[in-house]
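My structure is below; once you've seen it, I'll send some questions.
The values are calculated or read from the model by the stated rules, or taken from the named source; none is laboratory data. What you see is a predicted model, and the numbers here were worked out from it, not measured in a lab. Counting neighbours? That spans all protein chains shown, and the Cβs are built from the backbone with ideal geometry, glycine included. Side chains are part of the model used for accessible areas, which takes the heavy atoms of the whole protein and leaves out ligands, DNA and RNA. Shrake-Rupley method; radii C 1.70, N 1.55, O 1.52, S 1.80 Å.
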Amino acid sequence: MTDIQTRAIHAGRLEPRIEGAVVTPIFQSSTYEYHGEDYHDIGYLRLSTTPSHRVLAHRIADLEGTEAAVVTGSGMAAISSILVSLLSAGDHLLVQDCTYGGTSGLLKNDLSRFDLSYTLIDAQVPDSWAASLTDSTKAIYVETLTNPLLELADLEAVAAFADEHGLFAIIDNTFASPAQCQPAALGFDVVLESCTKFMNGHNDLVAGSVAGSTETVDRIKRTLDHLGGHLDAHGCFLLERGLKTLGLRVAHQAASAKRIAEFLDDHPAVAHVNYPGLSDHPQHERASRLLTTFGGMLSFELEGGLEAAERFLSAVRIPVVAASLGGAESLIVRPAAAVHGGLTPEERARSGISDGLIRFSVGLEGPDDLIADLTRALDESAA
Ligand SMILES: *Cc1c(COP(=O)(O)O)cnc(C)c1O
């Protein structure tokens, strides 16, 4: 099977089918008959050993192009299990300077109390990384596309640097999903997703995943088993169902986002658009080379700044003003107010997040309807 759609539907499916059921049933059983397995392999919901968990693990590993995978109860359960399992007190890691808020909060407020230290790096400047290495550096952590500016890190350089210095190369691939980028093929050791976003794609579930070699995923799963960050039975069912359309959804979202980015770029009320598919994006060439599509996420600034942005957000009718991304419903948000509200104004300015910046997760609606809605909202907010 080579097509992402065939794999998203069939990879790792149960053989034989349960009573002939075409779809993996919901296995609402917390425990399973014991057959002498080791602790981490006994049939128990928290140990992610149910048939649904096994199907998802195989399917996600297939999509990410890795030996193994494990599904988790959230993206943060994936991130916390990875960091707690691969690192120990005294260890140090290099972290991209603009990671997801939950990730930076976990490092700053929680893991620092367990003597894990880190240095923030600019993922666009590989020459600067070696200066931050210490004898205790064990990992380098980046995101495929940054939030909300959609910068694409120098992924090949990160993987090569990790290889040269014996570090775990960890990547949060949430903004891309395997439909847009497969970091394992570029040399990353651990690929995680917040499956809440593009993987499930319906704004109705919180879930996550970790993919990598069998050895690394086993190690992370053992910590996950202790932290208790498994996905419940209904969550497994919803995620498997959502994943079946991953390729179709992302292709539609990317085609719409490209049209919307071009529309906004040409509009006199719009000051600037960040989208990897536009030729003036700083990593456009790299994105054309490393990404299968330019994806469904974009951000932009209005000429009228913060006030115009507020008026625009109250004027749009189809996109919902809400955090999160990657689902059927278009979601729109002002990151300075919502997802990056935890940063100080200075930290936001340093990350290039102006108060008027708008992030747009393009959904599955018809692009003509979205463009008509945006046109009307831009006219109204310019007034
Ligand atoms: C949403 C998100 C997460 C956290 O995922 P949850 O499923 O909400 O725990 C991590 N990384 C990125 C890039 C995200 O967008």
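Taking the conditions exactly as written (over 30 Å from Ser128 (Cβ atoms) and open to solvent by 40 Å² or more (accessible area, probe 1.4 Å)), does Asp3 satisfy them or not?
Answer is yes for this residue.
Same structure, new question: Inside region 323-340, can you point out the residues that are within 16 Å of the ligand (Cβ to nearest atom), modelled with pLDDT under 90 and either open to solvent by less than 30 Å² (accessible area, probe 1.4 Å) or touching a Gly at 6+ places or on another chain (Cβ under 9 Å) (or both)?
Correct list: Val339, His340.
Quick check on region 341-372: of everything there that is of a type in the set (Val, Ile, Thr) and out of contact with any Ser or Thr (no Cβ under 7 Å at 6 or more places or on another chain), which residue is surrounded by the fewest Cβ atoms within 10 Å (Cβ to Cβ)?
Once the filter is applied, the top-ranked residue is Thr344.
Given Ser209, Ser213, which one is within 14 Å of the ligand (Cβ to nearest atom) and touching a strand residue (DSSP E or B) at 6+ places or on another chain (Cβ under 9 Å)?
Just a single option satisfies the conditions, and that option is Ser209.
Go through region 216-259 and report how many residues are closer than 22 Å to Ile332 by Cβ and touching a helix residue (DSSP H, G or I) at 6+ places or on another chain (Cβ under 6 Å).
Looking only at that region, the number is 2.
Return the pairs, sorted by first residue and then second, in which the second residue is open to solvent by 60 Å² or more (accessible area, probe 1.4 Å) and among the basic types (Lys, Arg), the first residue lies in region 97-124 and is under 24 Å from Leu150 (Cβ atoms), the beta carbons are less than 7 Å apart, and the residues are 6+ apart or on different chains.
none
Look through region 131-185, keep the residues that are within 16 Å of the ligand (Cβ to nearest atom) and among the hydroxyl-bearing types (Ser, Thr, Tyr), and return whichever of them is surrounded by the most Cβ atoms within 10 Å (Cβ to Cβ).
Ser177
I'd like to verify a number: residues in region 296-322 that are open to solvent by 50 Å² or more (accessible area, probe 1.4 Å) and of a type in the set (A, V, I, L, M, F, W, C), how many?
4
Assuming Thr66 fulfils every condition listed in (1) modelled with pLDDT under 95; (2) surrounded by 13 or more Cβ atoms within 10 Å (Cβ to Cβ) apart from one, which condition is it?
Status for Thr66: all satisfied but (1).
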